[in-house]
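Here the structure is laid out as structure tokens; the discussion comes afterwards.
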Amino acid sequence: MWTVRLYSFAPVTSLNSRNPSNRRDNQDPGAYNLAYRNGWIKDAEGNPAKNSHKKSQASKPKPVSNSNVVSLVSGSYPEHNRLVKAIRKITGHQPDAIVAWCQSKGVKQPSELPPEKAYQLLTSLVAGWLQSAKGLTESGAIKTLHAKIDHLVGNQGINYLEAVAIALDELQQLSPKEVRN
């Protein structure tokens with residue numbers, strides 16, 4: 001069950017009522033200061049707040065050439081690394097085993113796997129965990145996992161890769177007897 005909260009904000013019309021204890025005066029780089037620097041905050045006459053244009057010009061970053069930029073995560077699918085790491089923490093698989101599986105597919109790490117191969121990796125990790133932790137047979141683990149994933153994808157509109165992680169989380173909370181049913 002999702003809870004929706006609605007917030008309403010009063011527009012800022014004057015900067016004259018600020019006091020030193022107000023959060024807006026403490027040089028915090030929050031949303032208010034960002035709006036002030038960008039000239040979105042108006043004074044009583046409707047003009048941008050005092051010195052806001054000068055602050056936004058002074059804080060513009062210098063352009064960086066692409067030759068100096070180094071990618072921290074190589075591969076086309078960095079979200080695959082995140083999913084594999086999250087699943088690996090629960091299943092207890094060693095990183096070396098995952099790297100070896102990736103290398104058998106011709107890549108160095110999960111972020112280089114196409115989505116179909118990443119799905120195979122994730123489902124094999126979870127199915128293996130279901131066998132050892134919940135005592136299922138190989139076919140039972142695969143059948144249970146695919147049923148859970150199909151339910152999540154079909155009924156809740158979750159993509160297949162995210163569904164594997166969610167299915168693991170849900171199956172982890174069940175007793176072995178509940179998983180078998």
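P(r) tail, region 123-181: Cα-Cα pairs separated by more than 14 Å, 47% of all pairs. Note on residue 107/residue 86: beta-carbon distance plugged into 1/(1 + (r/R0)^6) with R0 of 25 Å gives a FRET efficiency of 0.80.
Between residue 156 and residue 173, the contour length at 0.36 nm per residue exceeds the alpha carbon distance by 4.2 nm. Quick check on my link table: of 143/177; 85/108; 117/177, which ones sit more than 21 Å apart, alpha carbon to alpha carbon? Flagged as over cut-off: 117/177.
Projection of the Cα convex hull of region 78-180, averaged over all directions and equal to a quarter of that hull's surface, yields 6.1 nm². In order along region 144-155, the Karplus-derived 3J(HN,Hα) couplings, from 6.51 cos²θ - 1.76 cosθ + 1.60 at θ = phi - 60°, round to 5, 5, 5, 5, 5, 5, 4, 5, 5, 6, x, 9 Hz, and Gly and Pro are given as x.
Taken together, the values in this text are just the output of simple stated rules run on the coordinates, not laboratory data. Being a predicted model, the structure only gives us computed values, none of them experimental. Positions of Cβ are backbone-derived with ideal geometry, glycine not excepted, and every protein chain shown enters the neighbour counts.
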